[in-house]
Each structure stands twice: as structure tokens, then as C-alpha cells.
Amino acid sequence: MSSQPEKRTRPSPRERTRRLLGEAARELLRTGAPLTVQAAAELAGVSRATAYRYFPSNEAVLMHATMPLLEDAGQRLQPPDPDTSALDLPEQASALVRTMARWAFDHENELRTLLRLSLAPERATRIPRRGNTNRDTWIATLLEGLPAHVSQAARHRLAVALVPLFGADAVVWSTDIAEVDPDTALDVMAWMAATLVPATLDDGA
């Protein structure tokens, strides 16, 4: 008995429109263009009235544009191995910072757009900076690997010191202020992470 080929269901017009608008929103974010319903509609090739059925506001465009970015960042999180000793934490911190900094440079335009929007004076377009790239989750994961003798004060100090090594901040200070190329920036940030962790362990001891 021959097997019947599987029938492929075509996306409905509504699904296709939603996909086109989502892709348009992400493209606007990538290129730094205005994240508005009208801009998304024009790029997707649909009417503004149609776009408003999916994006009721400019904030909705921003939400759809950033969600895949955050999901991609979260998938790259590499939690420390629970069987690894504390002596390996510097290498773990260095590897994680290097991985996420490389991701940040790969998404530089998007992250700069998010940074710009977080500083917007208009309340309607301003977005919170905390949590934009799961930075707190990455740092908390590293802190979980610290031994029990490390004080809460030392843990907090390390968490604060690691903040500039993630997201838009890492891109801005290394390229705009320090004026180094991405490869040099990756090496420096990985070295910083590998240096901060032993200092925290020594302080705790």
C-alpha cells in the first residue's frame, strides 16, 4: 500500500498578513527606522487600516519587533554546569560574556534602537532599559555558581560590575568610548569577567 503524500496547508490570509507585519516590525528595528504602525504597514505592503487590526498602537509594533530578539538572546544563555567546581567559574564567566557580547555586536543596530527608545523624552515611546536583553537572568545564573562563603555584599558588587558587559552598554562603551574593534572588545570583556570572579572569590574567602 503506497503512502499518501502529506498535504501542506497553506497559511490563511490572516496568518500571512500577521507574518508580513511581524517581519516588517523586525526590519524596522534592525534598520533603526521609526517603529510605527504606518511604517510597518508600508513595509509589509498592507493598508494602515489592516495593520491596525494587528498592531493597535506603536507600542504593539515595538513589542512584536523585540520579542524574537529577546527569545534569541535567551536561547544563548549557557548556565554553569552544577558539577563544575568554583575554580572553573572564571572560565564560565569569561565564556558566557564572550558569547553574549558577540550576540550583542551581531544585533548592534537593534540594541542601539532599544537604547535610543529607552532614553526618549516622550513617555509614549520610552521603554524600560532593565530586562531588555535578559541581562539580569544571565548575571543571576553566574552568581548561582558562587560558593556559600561569598557574602551577599560581594555577590551584589559582582553583579553590578558585570552589568556593562552585556547588551547595548557593552557595545556603546567599547566602540564609541574606548574606540576598539569588536574582536578586541570581546577579548577585553571576557578578560574582565574572568578577573572579576576570582577577585570576588578571594574577597569572600
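The values are calculated or read from the model by the stated rules, or taken from the named source; none is laboratory data. These figures come from a predicted structure and were not determined experimentally. Note that each Cβ is placed from the backbone with ideal geometry, even for glycine, and that neighbours are counted across all protein chains shown. These accessible areas exclude ligands, DNA and RNA; they are computed on the full protein's heavy atoms, side chains included. Shrake-Rupley method; radii C 1.70, N 1.55, O 1.52, S 1.80 Å.
Observations on the structure shown:
- Centre separation in Å (Cα based) which lies between region 153-205 and region 27-58: 37 Å
- Spin-label model, Glu108 to Ala140: label points 7 Å out along the Cα-to-beta-carbon direction sit 3.1 nm apart.
- HN-Hα J in Hz across region 136-150 - Karplus 6.51, -1.76, 1.60, θ = phi - 60°, x for Gly and Pro: 4, 5, 4, 5, 4, 5, 5, 5, 4, x, 6, x, 5, 6, 6
- Whole-Hz Karplus values for region 13-21 come out as x, 5, 5, 5, 5, 4, 5, 4, 5 Hz, taken residue by residue from phi with 6.51 cos²θ - 1.76 cosθ + 1.60 and θ = phi - 60°; glycine and proline positions read x.
- Arg10 versus Val188: modelled label distance in nm, points set 7 Å from Cα along the beta carbon direction: 5.5 nm
- Accessible surface of Asp106 - all protein chains present, 1.4 Å probe, nearest 10 Å²: 110 Å²
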